[in-house]
Structure formats: C-alpha cells, structure tokens
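Data first, discussion second: the structure below is written as structure tokens.
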Amino acid sequence: MSGHIHNHNGEDENTTTTSTTTTTTVTPDLNENDTSTTTIPTTTTTVVEAKSDPAGFLPQFIKHPSVVHFPIAYSVAIPFIAFILYRAIANKSIKFYWWFSVVFTQAIVFILLLLARYTGNLLYIDHGYDVNPTNEIELHSLLGTSSIYINLLLLFLSVLPFVSIYKQNSYNPFSIIKVYLVLSLGNAFFILYIGYLGGKIVWG
C-alpha cells in the first residue's frame, strides 16, 4: 500500500519492515538424502498511510506543537497586559471599556486551547499513545484538559466586571479584576509547566 505517515513536525515518515526468506537448495551428493539450505535475507519497504484529522477539519500544516505556542504566549502575556490596563482604568487614564480587550484575548486563548486539545488528540492517536501511553504523556494530556476549564473560569471572571457595572450590584468590579489578575498569573505558570512537559515528550 502506498502512502506516508506525517509525524508531529509535519514531516513524512516511512515505516520499513524486514522479512527473511528461506530458500532450500538441493545439492546432489553421494548421499541422495543430503540437502543444504541457504538463507537469503531480503528487505521489503512497506509504506503505510496514517491520516491525521480524518474528518478534514484542519489543514495539514496545522500541527499540535506549533498550535500550542500561541495559547502559551498569550497566557503568559495576559496578566501583565491586564495589570497595566487595570492601573490605567483605576487612575482614570482610560475608559473602563478598554477592559474588553482582556476579555477578547482571554476568549482567543480559550479557543486556541480547544484547538490545541484537538490536535493533541490526533497526535496521541497517530503515535499510538492511546495504546501504550507513558506517565509523562498521560500527565501532559490531563493537565492540558484541565487548562481548558481553568481558562473558561478566567474568561467568566474577565466578563464579570462589566456585569457588575451593568447591574450596579454590590460587587466591586475592581475587586473582581484583582482576583482575575492573581488567577491569570497562576495560570501563566501552569501553562508554562504544561509546555515544559510537552517539550520533554517531543525532544526527550
């Protein structure tokens, strides 16, 4: 069967299997019952096609290791950007609606994490990790899934200040932002650790 295997870097990967053919050659001798056997090793190249993303949801150039760099970068940057905006809003240098940029970025991170999870599942199956996963791979997968729920919580918290202002309830929007800043900073370190585990898996 012709085809190719894409590894996690998008490169083609061939699988080679070696088979040994045993040929029996009968050599005439004084004793008619005597035979000698000759073993001739032959190499056969078998190319197997493993299709990532069989549903065709993603272009072939979108691979897990490249996808995860974006949510990692955004997650690390968000706490610092959010803190700068918080200080500017508190000092009335800018309007409160500038906080919407944090909400938008947090939503982008959440979507990218879903994409990272999807491409991670494809990589997991393509490499047979679903059959024989290592402890590092299982931990990386578990923490990656957890990060999706954590960022969903952060997205909810980032929207709450607007809800508090709109409803004019007893919750101080700046208090909510402070909670968001602390949790988003913790999430940045958490995402970096997940990326570190992924790097160990890829690069050994």
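Mind checking which residues of the stretch 132-162 are within 20 Å of Ile108 (Cα to Cα) and among the aliphatic types (A, V, I, L, M)?
Leu143, Ile148, Ile150, Leu152, Leu153, Leu154, Leu155, Leu157, Val159, Leu160
Report the residue count in the stretch 176-199 for those that are of a type in the set (A, V, I, L, M, F, W, C) and within 17 Å of Pro71 (Cβ to Cβ).
9
If you scan the stretch 156-172, which residues turn out to be surrounded by fewer than 16 Cβ atoms within 10 Å (Cβ to Cβ) and assigned to a helix (DSSP H, G or I)?
Phe156, Val163, Ile165, Tyr166, Lys167
Quick check on the stretch 157-204: of everything there that is hydroxyl-bearing (Ser, Thr, Tyr) and more than 30 Å from Gly120 (Cα to Cα), which residue is modelled with the highest pLDDT?
Ser175
Say we look at the stretch 109-147 and pick out the residues that are loosely packed, with under 15 Cβ neighbours inside 10 Å and either closer than 28 Å to Ala88 by Cβ or touching a strand residue (DSSP E or B) at 6+ places or on another chain (Cβ under 9 Å) (or both); which of these is modelled with the lowest pLDDT?
Checking each candidate, the answer is Ile125.
The values are calculated or read from the model by the stated rules, or taken from the named source; none is laboratory data. Bear in mind that the values here come from a model prediction, so they are computed numbers and not experimental data. Using ideal geometry, Cβ is built from the backbone for each residue, glycine included, and neighbour counts are taken over all protein chains shown.
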